[in-house]
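Reviewing the structure listed below.
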Amino acid sequence: MDLYEHQARQLFEEYGILVPRAEVTDSAEEARGIARRLGGRVVVKAQVKTGGRGKAGGVRLAADPAAAELTARQILGMDIKGHRVGTVMLAQPVDIETEFYVSYVLDRAAGRFLAIASAEGGMEIEEVAAQRPEVVARVPVDPAEGVTSAKAQEIAAAAGLPPRTVDVLVRLWEVLVREDAVLVEVNPLVRTRQGRILALDGKVTLDDNAAFRQTRWGAEAETRADPLEASAVAKGLNYVGLDGEVGIIGNGAGLVMSTLDVVAGCGARPANFLDIGGGASARIMADGLSVVLADPAVKSVLVNVFGGITACDAVADGIVRALETVRLTKPLVVRLDGNNAARGRAILDARAHPLVEQATTMDGAARQAARLATAA
Ligand code: GDP
Ligand code: MN
């Protein structure tokens, strides 16, 4: 989840990085009072989770409290790259001498972090990197070693940043580690005419996998924009919504992923990814089925289970009992294989639900589910 600029600013402040004095509001009238408190002249900044606000007219200087109210009124409600502005931050203007760029970003492929820094900040870093890659320094950071003072000096030297930024680089790393972020970016980090180093704009992306222990930002509510994903998370299921028509339930991420491929190979598109994990109890099956069936795009559902520790008869029992609580509205194709597969199939045969059919192979099950989905 991305944080708003004002939230990133708050974090920077907590970690001892200098930031301009600022307040947030969703009301233009209040903006006037805030501007008065901040000394009259303020920068009014749209709070949206996208960059390039300056270019879009979402960052503007107001000379006095009356102008701040007017500017806030203009910016509130604006659309910036599809994001509606609901709040503005008013900040004390800073007398900028130089703008720098610094960030730490997770480099998944390399299994470490990357410090990206440049003495030419302010503009979008992608543009700078494309036009003049030599002014953008990229320094690998070993997550176990982190950014020590020596490492920060290396980064600053590589980018040509002044020595005073070293302390900021160390503190930014602390933000990243302690707040479970996968990206921390300051653009611009500025040197003022008085020689102070301030973070003027911040972007922080939190690791969604750590949302359970980073509760202060309401990450759970925010991350799960898809209501089905939210209900699946609430039920403890691994569910990812996709945009096809075949609902897929399997045990184990690997099996579910290959099921997605096989369904796609049969000319249909998966509607979701749902891994019920090792335990396929009746409750988990019922929860899984109800989540998948709640997606109106789903035309057929494929249950692909390879029985291991959880035997197929237990899974079949789970399906039969799930059918007592979930009203099946779409055809269900079940493929059971592995431990106790024959017993599992017999249980489903005995139940003889008109919308449930079985297949003995994964390919056969996928073909059948795809046919049902595309015929419907
Ligand atoms: P972004 O466009 O979304 O990246 O928003 P920023 O907060 O980075 O603002 C864009 C640009 O506005 C910055 O690069 C600065 O050049 C300028 N800016 C923002 N705040 C101030 C300020 O307090 N004083 C001055 N002089 N310029 C500012
Ligand atoms: Mn910026």
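Quick grid of which residues meet (1) among the β-branched types (Val, Ile, Thr); (2) surrounded by 17 or more Cβ atoms within 10 Å (Cβ to Cβ); (3) more than 20 Å from residue 183 (Cα to Cα):
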residue: 51; (1), (2), (3): no, yes, no
residue: 75; (1), (2), (3): yes, yes, yes
residue: 90; (1), (2), (3): no, yes, yes
residue: 104; (1), (2), (3): no, yes, no
residue: 118; (1), (2), (3): no, yes, no
residue: 121; (1), (2), (3): no, yes, no
residue: 125; (1), (2), (3): yes, yes, no
residue: 135; (1), (2), (3): yes, no, yes
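I'd like to check which strands (runs of 3 or more DSSP E) are fully inside the stretch 59-151 and have at least 3 residues that are touching a helix residue (DSSP H, G or I) at 6+ places or on another chain (Cβ under 7 Å) and not acidic (Asp, Glu). Spell out the reasoning first.
Working: elements: 59-62, 88-91, 96-107, 112-118, 136-141.
Once the strands (runs of 3 or more DSSP E) in the stretch 59-151 are filtered for at least 3 residues that are touching a helix residue (DSSP H, G or I) at 6+ places or on another chain (Cβ under 7 Å) and not acidic (Asp, Glu), what remains is 88-91, 96-107, 112-118, 136-141.
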Within the stretch 172-216, restricting to residues that are crowded, with 19+ Cβ neighbours inside 10 Å and part of a helix (DSSP H, G or I), the one that is farthest from ligand 1 (Cβ to nearest atom) is 211
Quick one: in the stretch 1-37, which of the residues that are over 28 Å from residue 169 (Cβ atoms) and open to solvent by less than 70 Å² (accessible area, probe 1.4 Å) is nearest to ligand 1 (Cβ to nearest atom)?
-> 35
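Confirm whether residue 74 is under 20 Å from residue 205 (Cβ atoms) and either within 15 Å of ligand 1 (Cβ to nearest atom) or of a type outside the set (Asp, Glu) (or both).
no
Determine whether the stretch 112-121 contains at least one residue that is within 16 Å of ligand 1 (Cβ to nearest atom), acidic (Asp, Glu), touching a Phe, Trp or Tyr at 6+ places or on another chain (Cβ under 9 Å) and within 26 Å of residue 165 (Cα to Cα). Steps first, answer last, please.
Quick first cut of the stretch 112-121, residues within 16 Å of ligand 1 (Cβ to nearest atom) only: 116-121.
Next cut, acidic (Asp, Glu) only: 120.
Going one step further and asking which of them are touching a Phe, Trp or Tyr at 6+ places or on another chain (Cβ under 9 Å), we end up with 120.
From what's left, within 26 Å of residue 165 (Cα to Cα): 120.
Yes, the stretch 112-121 contains at least one residue that is within 16 Å of ligand 1 (Cβ to nearest atom), acidic (Asp, Glu), touching a Phe, Trp or Tyr at 6+ places or on another chain (Cβ under 9 Å) and within 26 Å of residue 165 (Cα to Cα).
In contact with a Lys or Arg (Cβ under 9 Å, 6 or more places away or on another chain) and either surrounded by fewer than 14 Cβ atoms within 10 Å (Cβ to Cβ) or free of Cβ contacts under 8 Å to residues at least 60 places away in the same chain (or both): is that true of residue 332 in this structure?
Details: in contact with a Lys or Arg (Cβ under 9 Å, 6 or more places away or on another chain): no; either surrounded by fewer than 14 Cβ atoms within 10 Å (Cβ to Cβ) or free of Cβ contacts under 8 Å to residues at least 60 places away in the same chain (or both): yes.
In short, no.
Just to be sure I understand, how many residues within the stretch 325-347 are polar (S, T, N, Q) and either over 34 Å from the mean Cα position of the chain (by Cα) or not assigned by TED's automatic domain parsing to the domain that holds residue 252 (or both)? Can you show your working first?
Step one: of the stretch 325-347, the residues polar (S, T, N, Q) are 325, 329, 339-340.
Right, trim to either over 34 Å from the mean Cα position of the chain (by Cα) or not assigned by TED's automatic domain parsing to the domain that holds residue 252 (or both) and you get 339-340.
Residues in the stretch 325-347 being polar (S, T, N, Q) and either over 34 Å from the mean Cα position of the chain (by Cα) or not assigned by TED's automatic domain parsing to the domain that holds residue 252 (or both): 2 in total.
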Checklist (1) in the same structural domain as residue 319 (by TED's automatic domain parsing); (2) out of contact with any strand residue (DSSP E or B) (no Cβ under 8 Å at 6 or more places or on another chain); (3) outside any loop (DSSP other than H, G, I, E, B) applied to residue 243, failing item | (3)
Tell me, yes or no, whether the stretch 107-117 has at least one residue that is within 16 Å of ligand 2 (Cβ to nearest atom) and not small (Gly, Ala, Ser).
-> yes
Hits in the stretch 275-303 - residues which are open to solvent by less than 10 Å² (accessible area, probe 1.4 Å), in contact with a Leu (Cβ under 9 Å, 6 or more places away or on another chain) and modelled with pLDDT of 95 or more | 300, 301, 302, 303
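Is it true that residue 350 is open to solvent by 60 Å² or more (accessible area, probe 1.4 Å), more than 33 Å from the chain's Cα centre (by Cα) and over 19 Å from residue 237 (Cα atoms)?
yes
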List every residue pair whose Cβ atoms sit under 6 Å apart, with the two residues 6 or more apart in sequence or on different chains, where the first one lies in the stretch 310-322 and is aliphatic (A, V, I, L, M) and the second, anywhere, is open to solvent by 20 Å² or more (accessible area, probe 1.4 Å).
-> 311/339; 311/340; 316/347; 320/351
Take the residues in the stretch 156-171 that are over 17 Å from residue 181 (Cβ atoms) and open to solvent by less than 30 Å² (accessible area, probe 1.4 Å), then tell me which one is farthest from ligand 1 (Cβ to nearest atom).
-> 166
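Which members of the stretch 87-109 meet the condition of being among the acidic types (Asp, Glu) and more than 12 Å from ligand 1 (Cβ to nearest atom)?
Matches in the stretch 87-109: 107 only.
Just one of 60, 41, 36 is among the charged types (D, E, K, R) and within 16 Å of ligand 2 (Cβ to nearest atom); which is it?
Details: 41 fails: within 16 Å of ligand 2 (Cβ to nearest atom); 36 fails: within 16 Å of ligand 2 (Cβ to nearest atom).
Residue meeting the stated conditions: 60.
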Which residue pairs have Cβ atoms closer than 6 Å, lie 6 or more positions apart in sequence or on different chains, and pair a first residue in the stretch 40-52 that is in contact (Cβ under 8 Å) with a residue 24 or more places away in the chain and under 13 Å from residue 79 (Cβ atoms) with a second residue that is open to solvent by 10 Å² or more (accessible area, probe 1.4 Å) and in a strand (DSSP E or B)?
-> 48/83; 50/83
Which of the residues spanning the stretch 181-196 are over 16 Å from residue 4 (Cα atoms) and either within 16 Å of ligand 2 (Cβ to nearest atom) or of a type in the set (Gly, Ala, Ser) (or both)?
-> 189, 190, 191, 195
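The values are calculated or read from the model by the stated rules, or taken from the named source; none is laboratory data. Keep in mind that what you see is a predicted model, and the values were worked out from it rather than measured. Every residue, glycine as well, gets a Cβ built from its backbone with ideal geometry; the counts of neighbours run over all protein chains shown. For accessibility, only protein heavy atoms count, side chains too; no ligands or nucleic acids. Shrake-Rupley method; radii C 1.70, N 1.55, O 1.52, S 1.80 Å.
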